[in-house]
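Below you'll find the structure, written out as structure tokens, and then a few comments.
The values are calculated or read from the model by the stated rules, or taken from the named source; none is laboratory data. Just so it is clear, the model here is predicted, and its values are computed rather than measured. Ideal geometry is used to build each Cβ from the backbone, glycine not excepted, and the neighbour counts take in all protein chains shown.
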Amino acid sequence: MELSNLALRLFQGGLGNLAAYLAAHVLLCLVPAFFVAGGLAALVPKEAVTRFLGRNTPRYISYPAAAAAGSLLAVCSCTIVPLFAGIYKKGAGLGPAITFLFIAPAANILALAYTGVAIGGDIALARIVLSWTFGIGIGMIMALIFRRDDVTHDEDTNDVFAMQAKVPARTWVFMLALVAILVFGTLKVGLLTNTYARLTLPIAGVDRFQAALYRLLPFDASKGEEGVSAQGVVMIVLLALTGISAWLGLDKVDQGFNRWTGLSLGLVVLTLLVAAVGMVPHADGLDVFLTGKLFGVMLALGVIAYLAKRSFDPFEIQQWLWESWRFVKQIFPLLVVGVFFVGVLRQIIRPEWIESLAGHNTLLGNMAGVVFGVFMYFPTLVEVPIANMFLSLGMHRGPLLAYLMSDPELSLQSILILSTIIGRFKAWTYVGWVALFSLLSGLLYGAWVDGTSLLLIILYLVGLLGVLAFGLTWAERRSRRAIVAGQTRTS
Amino acid sequence: MQVKILGIGCPKCKRLEELAREAARETGVEATFVKVTDVPSIMAYPILGTPALVINEQVKSAGRIPQKAEIVAWMKELEG
């Protein structure tokens with residue numbers, strides 16, 4: 001009896017977490033984020049960024065360009081691995097390649113959007129700022145340590161990085177409109193969250209349905225758990241229908257539209273709109289609040305539909321849809337399983353454990369975050385619900401960020417790929433630096449949360465990078481002088 | 001005709017192989033298919049993104065999935 005009770009409680013916990021995630025977090029954030037990722041993969045030509053990653057590009061351009069490539073181009077390993085190897089062997093060298101590799105898993109659009117909505121905008125912002133600074137920092141350090149090896153690559157340079165491409169204006173507008181859906185749907189400012197009109201739909205019984213839901217999936221708001229509302233159920237149903245129709249309509253969309261394509265896109269639009277309104281059930285009906293969010297989302301959808309029809313080639317749109325669907329297919333199932341297990345774990349882990357280990361912004365707490373991140377491997381994006389669970393169990397935001405920085409960067413898989421390209425010694429050096437820098441980001445961010453002034457933290461960061469840049473330039477001058485000296489001696 | 005698919009085994013590479021096989025069937029050319037999956041061999045070609053399609057050692061596309069009609073055209077061109 002004891003045991004079956006426990007099993008039931010765990011199952012309820014998992015299911016509740018899953019339902020809450022699907023209903024509350026996913027829709028206005030992940031759905032558009034998948035489409036943005038698809039658009040970046042299908043519509044933005046890689047050459048627009050890679051032309052800044054050639055061997056002869058000055059360092060102050062190639063490092064930021066590598067960071068941009070990590071954020072924008074790399075949402076899947078098909079892009080990450082060849083581009084990394086290319087930058088390393090034929091392009092700007094080890095440093096920018098490492099920068100690119102560091103930034104790709106932590107600061108891409110999917111990870112950032114999801115972190116922002118599920119955990120908080122502050123953590124998402126910290127994630128992007130710190131992974132950019134530290135990505136560039138680690139790249140420079142690696143270039144500095146292994147500067148001799150880089151010299152030998154000079155002969156290997158070829159012209160793949162010379163290819164040019166411009167991003168057309170229509171693509172800019174299109175991508176901005178997609179990002180706008182994300183922003184309108186998730187940003188919490190008055191203009192967007194205010195209600196401008198109210199409709200009362202005469203549907204009775206929704207309030208009883210909602211009460212039944214709360215009984216079925218009990219939740220404890222004080223523990224950071226979330227309940228499932230009637231609106232949530234509508235959205236989950238819509239999401240399931242979208243999934244089924246997308247399977248039929250988008251799986252082979254690169255070879256042509258079919259009837260299901262229209263249906264699935266219609267369902268996506270409907271889901272986004274339902275998610276953007278507020279719903280409150282009461283005894284005589286259902287109040288629907290038309291928020292600023294709704295109008296914003298409608299506007300952005302209008303722009304997207306107009307552009308897709310008028311300015312783009314149907315083949316480009318097919319590619320975009322296909323890429324977006326591919327991301328969903330690749331990431332979503334694992335995410336669902338992950339979120340379920342996080343809900344189960346949530347019932348087992350005692351808040352005291354987390355509280356005592358990482359409840360404050362201490363060195364030990366941040367180390368615990370990093371170590372957990374290095375040794376655990378979770379599928380893409382699952383780190384976010386896990387981090388959210390830790391947060392609700394009382395983890396300090398500093399160690400939390402340390403975990404979020406190290407987990408996606410370092411997995412066994414990525415270390416293995418890395419060693420085949422740059423060699424085992426360099427790969428483990430990289431791992432060491434990532435661990436150290438994750439620890440630093442956690443400490444710095446934790447200090448900021450605890451009230452240290454932003455100016456001081458920025459000063460630390462700038463100082464750190466300045467020392468690195470100086471060291472690198474100095475070492476390069478020295479080794480160049482040594483080479484020149486060697487040449488004159490031999491001649 | 002030798003058709004090489006370069007890619008580390010992501011869904012895109014499988015899709016490209018499917019399309020290339022269909023294209024070969026439509027064109028009616030005799031084609032042997034080779035999948036290149038290890039990074040050093042892939043990087044021997046001047047490309048920055050996978051999947052890439054190489055026909056008779058000429059890189060025809062990289063970093064994207066071409067339309068089937070494009071592949072058919074390439075195959076016809078190299079056949080004649």
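For this structure, a couple of remarks:
- Residue check: A:Leu178 meets all listed conditions (1) part of a helix (DSSP H, G or I); (2) within 14 Å of chain B (Cβ to nearest Cβ) but one, namely (2).
- Each residue in region A:394-430 was checked for being surrounded by fewer than 17 Cβ atoms within 10 Å (Cβ to Cβ) and in contact with a Leu (Cβ under 8 Å, 6 or more places away or on another chain), and 0 of them qualify.
- Any hit, region A:387-410, residues being farther than 29 Å from A:Ala23 by Cβ, within 14 Å of chain B (Cβ to nearest Cβ) and not in a helix (DSSP H, G or I): no
- Helices (runs of 4 or more DSSP H) lying entirely in region A:1-64 (those with 2 or more residues that are in contact with a helix residue (DSSP H, G or I) (Cβ under 7 Å, 6 or more places away or on another chain) and surrounded by fewer than 24 Cβ atoms within 10 Å (Cβ to Cβ)): A:2-20, A:27-43
- Filtered residues of region B:32-51 (kept if buried (at least 21 other Cβ atoms within 10 Å of the Cβ) and in contact with a Cys (Cβ under 9 Å, 6 or more places away or on another chain)): B:Gly49, B:Thr50, B:Pro51
- Exactly one residue among A:Val382, A:Val374, A:Val336 is β-branched (Val, Ile, Thr), within 21 Å of the chain's Cα centre (by Cα) and surrounded by fewer than 17 Cβ atoms within 10 Å (Cβ to Cβ), and that residue is A:Val336.
- Matching option when the condition is closer than 23 Å to A:Trp428 by Cα, part of a helix (DSSP H, G or I), within 14 Å of chain B (Cβ to nearest Cβ) and modelled with pLDDT of 85 or more, among A:Phe102, A:Phe84, A:Phe134: A:Phe84
Conditions tested, residue by residue: (1) part of a helix (DSSP H, G or I); (2) over 11 Å from the mean Cα position of the chain (by Cα).
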{"site": "B:Cys13", "(1), (2)": "yes, no"}
{"site": "B:Glu22", "(1), (2)": "yes, yes"}
{"site": "B:Arg25", "(1), (2)": "yes, yes"}
{"site": "B:Ser41", "(1), (2)": "yes, yes"}
{"site": "B:Val59", "(1), (2)": "no, no"}
{"site": "B:Pro66", "(1), (2)": "no, no"}
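Residue-by-condition table, conditions (1) in contact (Cβ under 8 Å) with a residue 24 or more places away in the chain; (2) out of contact with any strand residue (DSSP E or B) (no Cβ under 8 Å at 6 or more places or on another chain); (3) closer than 29 Å to A:Ile80 by Cα:
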residue	(1), (2), (3)
A:Met376	yes, yes, yes
A:Leu391	yes, yes, no
A:Leu400	yes, yes, yes
A:Ser419	no, yes, yes
A:Val431	yes, yes, yes
A:Leu439	yes, yes, yes
A:Asp450	yes, yes, no
A:Thr473	no, yes, yes
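- Top-ranked residue of region B:1-15 - restricted to ones that are among the hydrophobic types (A, V, I, L, M, F, W, C) and more than 10 Å from chain A (Cβ to nearest Cβ), ranked as farthest from A:Gln319 (Cα to Cα): B:Met1
Table: residues versus (1) crowded, with 18+ Cβ neighbours inside 10 Å; (2) within 14 Å of chain A (Cβ to nearest Cβ); (3) farther than 20 Å from A:Trp322 by Cα.
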| residue | (1), (2), (3) |
| --- | --- |
| B:Ala20 | yes, yes, no |
| B:Val54 | yes, yes, yes |
| B:Ala62 | yes, yes, no |
| B:Ala69 | no, yes, no |
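- Considering each residue of region A:279-291 in turn, at least one proves to be more than 24 Å from the chain's Cα centre (by Cα), among the polar types (S, T, N, Q) and not in a helix (DSSP H, G or I).
- Near pairs, Cβ below 8 angstrom, 6+ apart or cross-chain, from region B:28-47 (under 15 Å from A:Ile421 (Cβ atoms) and more than 9 Å from every other protein chain (Cβ to nearest Cβ)) to any residue that is among the hydroxyl-bearing types (Ser, Thr, Tyr) and part of a helix (DSSP H, G or I): none
- Yes/no for B:Val3 being touching a helix residue (DSSP H, G or I) at 6+ places or on another chain (Cβ under 8 Å), over 22 Å from A:Met163 (Cβ atoms), touching a residue at least 12 places away in the same chain (Cβ under 8 Å) and part of a strand (DSSP E or B): yes
- Residue match in region A:312-330 (condition: surrounded by 21 or more Cβ atoms within 10 Å (Cβ to Cβ) and away from chain B (no Cβ under 14 Å)): no
- Criterion: in contact with a helix residue (DSSP H, G or I) (Cβ under 8 Å, 6 or more places away or on another chain), in a helix (DSSP H, G or I) and within 21 Å of A:Val31 (Cα to Cα) - qualifying residue of A:Ala111, A:Ala68, A:Ala97: A:Ala111
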